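Asker: One structure, pasted below without further comment.
The values are calculated or read from the model by the stated rules, or taken from the named source; none is laboratory data. Since the structure is predicted, the reported quantities are computational estimates derived from the model, not experimental observations. Note: ideal-geometry Cβ built from the backbone for every residue, glycine included; neighbour counts use all protein chains shown.
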Protein chains: 2
Amino acid sequence: MIYQNVALIGAGRVAHHLAKAINNSGRKIVQVYSRRIAHAEELASAYKAAATDEITNPDASADIYIIAISDDAIAEVAGQLAVANKMVVHTSGSTPMDVLQAASSNYGVLYPLQSFAFNQEIDFSQVPLCIEAADPDAKENLMQLARSLSRDVRQVDSDTRMQIHIAAVFANNFTNFMYLMAQEILADGKVDFDILMPLIEETTRKLQLQHPHNAQTGPARRADNGIIRKHLDQLRDHPEKQEIYKLLSRIIQQHFQKK
Amino acid sequence: MIYQNVALIGAGRVAHHLAKAINNSGRKIVQVYSRRIAHAEELASAYKAAATDEITNPDASADIYIIAISDDAIAEVAGQLAVANKMVVHTSGSTPMDVLQAASSNYGVLYPLQSFAFNQEIDFSQVPLCIEAADPDAKENLMQLARSLSRDVRQVDSDTRMQIHIAAVFANNFTNFMYLMAQEILADGKVDFDILMPLIEETTRKLQLQHPHNAQTGPARRADNGIIRKHLDQLRDHPEKQEIYKLLSRIIQQHFQKK
């Protein structure tokens, strides 16, 4: 089996879910690194792996080193991790592949497109995996690894991967913040958030049926400035929400005028 | 049965779905009004009702007149519709109840919280209905009507109803626009929108499990200004998206610093 022994650099949310999927694929987690030894030990113990907080001490028995840490630490860690020609990948959406050149001559990317949380049940086989590798053989091997973890594997270059990450920020992070704003507005009126669930589920369901361009409704889409003014007035004591409402209403109107 | 005969003022998306639910509840649609007679006829014919384009000619056999038209037309139509002490309701989220005083001494609101489309299968029994009425008897009757249409009926005053509507704009209209932005960013990179579906479904599913405050992730939540700068730079030729990304990233950071 390709990449039989895996070392995980990182013990956060991505590392947790990857470790589980990798273990389920029949591979062995041999080592977990974290700056905080307790974190490394916690994840390592679940797979009978070794734990370390010394990045300069990678387990030589690993066939692949997977760096799953926060984006701004990847370059530094790669600079300290020297594994000659062993395969090294990171899991970041917006970090170029070639920051890994410092660690090895053999490198790539395995970017799982999902928002992971601890204690979350995820069907990893449904998580889209975006892979990239410099060397054709390494790409083939990485593809094989990825296909054993997920049924949705795509080859994308660093630029496209960043675009996918930006799209995910809109579709997940910004969307969740809209839900948070909605929740706070409802709480202000002593209304439970559950009143919105059928609407939210329908919004999501519609994405399977039609282009979001055609699904757009609401006061801004209709250019109903009377309602928009009323809503902005109602939000006068909530400057964050008023600012978001104003900007998005203006941009939605511009967007649909252009077409 | 309360409100056995129903006249529908309006033949748009809300009227279509209401007509079906009302018919299913065992009531009779006696008349459909629309400014455009063809629209009135189309909806009326499905229920063997009369069609009219004269608002000053309401069917006297109706027990309730339901005004389901665009918000900015409600006051004008109510002024032309004179039905003495018959029950008149509108279906708007952000229009005060008392604009209906012009039409009748007996009035209220029946606001369905859902985004309706033609040719859409909706389980109306799951649609939250917000009701309001000036008179206690009228409120009781309207409650009975609403309960025969949906299992989720709530009494809310005009102010709270507008707050619910604003929350729905965030949770549905703005969210859908985030999906549209994401779709366009992906299209630019020749990536199919379906790559985002597992992430979007997970974002929605999490709402059932935790408060959106705790579900917030992403570069802005982590205050990862390196990634935010990269993303803004990547969006430099897309001023709409760049402006949204910049504003929401700033407000998300402010929001979580405060707490």
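Asker: Any chance region A:243-251 includes a residue that's farther than 25 Å from residue B:206 by Cβ and among the hydrophobic types (A, V, I, L, M, F, W, C)? Full working, then the answer.
Answerer: Keep residues of region A:243-251 that are farther than 25 Å from residue B:206 by Cβ, which gives A:243, A:246-247, A:249-251.
When the remaining residues are screened for being among the hydrophobic types (A, V, I, L, M, F, W, C), the result is A:247, A:251.
Checking region A:243-251: at least one residue is farther than 25 Å from residue B:206 by Cβ and among the hydrophobic types (A, V, I, L, M, F, W, C).
Asker: Please work out which one of (1) in contact with a helix residue (DSSP H, G or I) (Cβ under 7 Å, 6 or more places away or on another chain); (2) surrounded by fewer than 20 Cβ atoms within 10 Å (Cβ to Cβ); (3) not assigned by TED's automatic domain parsing to the domain that holds residue A:111 is the condition residue A:205 fails and give its number.
Answerer: Failed condition: (1).
Asker: Moving on to the next point. Suppose we keep only residues that are at pLDDT 95 or above and not in a strand (DSSP E or B) within region A:104-122. Which one would you say is farthest from residue A:17 (Cα to Cα)?
Answerer: A:113
Asker: May I ask you to list the residues in region B:66-90 that are closer than 17 Å to residue B:139 by Cβ and surrounded by 23 or more Cβ atoms within 10 Å (Cβ to Cβ)?
Answerer: Keep residues of region B:66-90 that are closer than 17 Å to residue B:139 by Cβ, which gives B:66, B:85-90.
Once the filter is applied, which keeps residues that are closer than 17 Å to residue B:139 by Cβ and surrounded by 23 or more Cβ atoms within 10 Å (Cβ to Cβ), region B:66-90 yields B:66, B:87, B:88, B:89, B:90.
Asker: Another question, then. On the basis of being more than 14 Å from chain A (Cβ to nearest Cβ) and in contact (Cβ under 8 Å) with a residue 60 or more places away in the chain, does residue B:148 make the cut? Reasoning before the result, please.
Answerer: Working: more than 14 Å from chain A (Cβ to nearest Cβ): yes; in contact (Cβ under 8 Å) with a residue 60 or more places away in the chain: yes.
Criteria met by residue B:148.
Asker: Taking the options B:244, B:200, B:227, B:195, name whichever one is in contact (Cβ under 8 Å) with a residue 24 or more places away in the chain and assigned by TED's automatic domain parsing to the domain that holds residue B:172. It would help to see each step written out before you state the result.
Answerer: Values: B:200 fails: in contact (Cβ under 8 Å) with a residue 24 or more places away in the chain; B:227 fails: in contact (Cβ under 8 Å) with a residue 24 or more places away in the chain; B:195 fails: in contact (Cβ under 8 Å) with a residue 24 or more places away in the chain.
Among B:244, B:200, B:227, B:195, only B:244 is in contact (Cβ under 8 Å) with a residue 24 or more places away in the chain and assigned by TED's automatic domain parsing to the domain that holds residue B:172.
Asker: Within the bounds of region B:32-45, is there any residue that is of a type in the set (Phe, Trp, Tyr), buried (at least 17 other Cβ atoms within 10 Å of the Cβ) and under 22 Å from residue B:72 (Cα atoms)?
Answerer: Residues of region B:32-45 of a type in the set (Phe, Trp, Tyr): B:33.
Checking the rest, the ones that are also buried (at least 17 other Cβ atoms within 10 Å of the Cβ) come to B:33.
With the extra rule that they be under 22 Å from residue B:72 (Cα atoms), the set shrinks to B:33.
Within region B:32-45, one or more residues are of a type in the set (Phe, Trp, Tyr), buried (at least 17 other Cβ atoms within 10 Å of the Cβ) and under 22 Å from residue B:72 (Cα atoms).
Asker: Out of B:139, B:190, I need the residue that is of a type in the set (Lys, Arg) and touching an Asp or Glu at 6+ places or on another chain (Cβ under 9 Å). Which one? Step through it out loud before you land on a result.
Answerer: On the way: B:190 fails: touching an Asp or Glu at 6+ places or on another chain (Cβ under 9 Å).
Unique residue meeting the criteria: B:139.
Asker: Only residues that are over 27 Å from the mean Cα position of the chain (by Cα) and either at the interface with chain A (Cβ under 7 Å from one of its Cβ atoms) or surrounded by 20 or more Cβ atoms within 10 Å (Cβ to Cβ) (or both): list them for region B:233-242, please. Talk me through it step by step, then tell me what you get.
Answerer: First, the residues of region B:233-242 that are over 27 Å from the mean Cα position of the chain (by Cα): B:233-239, B:242.
B:234, B:235 - these are the residues of region B:233-242 that are over 27 Å from the mean Cα position of the chain (by Cα) and either at the interface with chain A (Cβ under 7 Å from one of its Cβ atoms) or surrounded by 20 or more Cβ atoms within 10 Å (Cβ to Cβ) (or both).
Asker: Related question: Having 3 or more residues that are more than 14 Å from chain A (Cβ to nearest Cβ) and more than 25 Å from residue A:217 (Cβ to Cβ) is the bar; report the strands (runs of 3 or more DSSP E) wholly within region B:16-82 that clear it. Lay out the reasoning, then the answer.
Answerer: Values: elements: B:28-33, B:50-52, B:64-67.
Where strands (runs of 3 or more DSSP E) fall fully within region B:16-82 and carry at least 3 residues being more than 14 Å from chain A (Cβ to nearest Cβ) and more than 25 Å from residue A:217 (Cβ to Cβ), they are B:28-33, B:50-52.
Asker: Pick from B:125, B:150, B:94, B:105: which is surrounded by fewer than 24 Cβ atoms within 10 Å (Cβ to Cβ), more than 16 Å from the chain's Cα centre (by Cα) and not aromatic (Phe, Trp, Tyr)? Steps first, answer last, please.
Answerer: Values: B:125 fails: more than 16 Å from the chain's Cα centre (by Cα); B:150 fails: more than 16 Å from the chain's Cα centre (by Cα); B:94 fails: more than 16 Å from the chain's Cα centre (by Cα).
Of the residues listed, the single one that is surrounded by fewer than 24 Cβ atoms within 10 Å (Cβ to Cβ), more than 16 Å from the chain's Cα centre (by Cα) and not aromatic (Phe, Trp, Tyr) is B:105.
Asker: Residues being more than 27 Å from residue A:153 (Cβ to Cβ) and of a type in the set (S, T, N, Q): count how many of those fall in region B:196-242.
Answerer: 6
Asker: Pick from region B:177-193 the residues that are more than 7 Å from chain A (Cβ to nearest Cβ) and assigned to a helix (DSSP H, G or I): which of them is farthest from residue A:212 (Cα to Cα)? Let's see the steps before the verdict.
Answerer: Start the filter on region B:177-193 by keeping residues that are more than 7 Å from chain A (Cβ to nearest Cβ), which leaves B:184, B:187, B:190, B:192-193.
From what's left, assigned to a helix (DSSP H, G or I): B:184, B:187, B:193.
Numbers: B:184: 10, B:187: 13, B:193: 10 Å.
The qualifying residue farthest from residue A:212 (Cα to Cα) is B:187.
Asker: Just one of A:125, A:92 is in a helix (DSSP H, G or I), within 21 Å of residue A:152 (Cα to Cα), within 12 Å of chain B (Cβ to nearest Cβ) and at pLDDT 95 or above; which is it? Please lay out each step first, then the result.
Answerer: Working: A:92 fails: in a helix (DSSP H, G or I).
Exactly one of A:125, A:92 is in a helix (DSSP H, G or I), within 21 Å of residue A:152 (Cα to Cα), within 12 Å of chain B (Cβ to nearest Cβ) and at pLDDT 95 or above, namely A:125.
Asker: Look at residue A:107 and say whether it is assigned by TED's automatic domain parsing to the domain that holds residue A:17, farther than 30 Å from residue B:215 by Cα and hydroxyl-bearing (Ser, Thr, Tyr). If you could, list the steps in order and put the result at the bottom.
Answerer: Numbers: assigned by TED's automatic domain parsing to the domain that holds residue A:17: yes; farther than 30 Å from residue B:215 by Cα: yes; hydroxyl-bearing (Ser, Thr, Tyr): yes.
Against the criterion (assigned by TED's automatic domain parsing to the domain that holds residue A:17, farther than 30 Å from residue B:215 by Cα and hydroxyl-bearing (Ser, Thr, Tyr)), residue A:107 qualifies.
Asker: Would you confirm whether or not region A:129-137 contains a residue that is within 11 Å of another protein chain (Cβ to nearest Cβ) and crowded, with 21+ Cβ neighbours inside 10 Å? Break it down into steps so the answer makes sense when it comes.
Answerer: Start the filter on region A:129-137 by keeping residues that are within 11 Å of another protein chain (Cβ to nearest Cβ), which leaves A:129-130.
If we keep only those that are crowded, with 21+ Cβ neighbours inside 10 Å too, we end up with A:129-130.
Yes, there is a match, as at least one residue in region A:129-137 is within 11 Å of another protein chain (Cβ to nearest Cβ) and crowded, with 21+ Cβ neighbours inside 10 Å.
Asker: Answer with yes or no whether residue A:90 is closer than 20 Å to residue A:122 by Cα and either of a type in the set (Ser, Thr, Tyr) or touching a helix residue (DSSP H, G or I) at 6+ places or on another chain (Cβ under 9 Å) (or both).
Answerer: On the way: closer than 20 Å to residue A:122 by Cα: no; either of a type in the set (Ser, Thr, Tyr) or touching a helix residue (DSSP H, G or I) at 6+ places or on another chain (Cβ under 9 Å) (or both): yes.
The answer is no for residue A:90.
Asker: Can you tell me how many residues in region A:128-145 are in contact with a Lys or Arg (Cβ under 9 Å, 6 or more places away or on another chain) and either closer than 17 Å to residue B:202 by Cβ or in a helix (DSSP H, G or I) (or both)?
Answerer: Filtering region A:128-145 down to residues in contact with a Lys or Arg (Cβ under 9 Å, 6 or more places away or on another chain) leaves A:128-133, A:145.
The next check asks that each one be either closer than 17 Å to residue B:202 by Cβ or in a helix (DSSP H, G or I) (or both); those that pass are A:128-130, A:145.
Matching residues across region A:128-145 total 4.
Asker: Residue by residue through region B:216-236, note down the ones that are part of a loop (DSSP other than H, G, I, E, B) and either at pLDDT below 95 or farther than 16 Å from residue B:189 by Cα (or both).
Answerer: If we filter region B:216-236 for residues that are part of a loop (DSSP other than H, G, I, E, B), which is where we start, we get B:216-224, B:235-236.
The answer is B:216, B:217, B:218, B:219, B:220, B:221, B:222, B:223, B:224.
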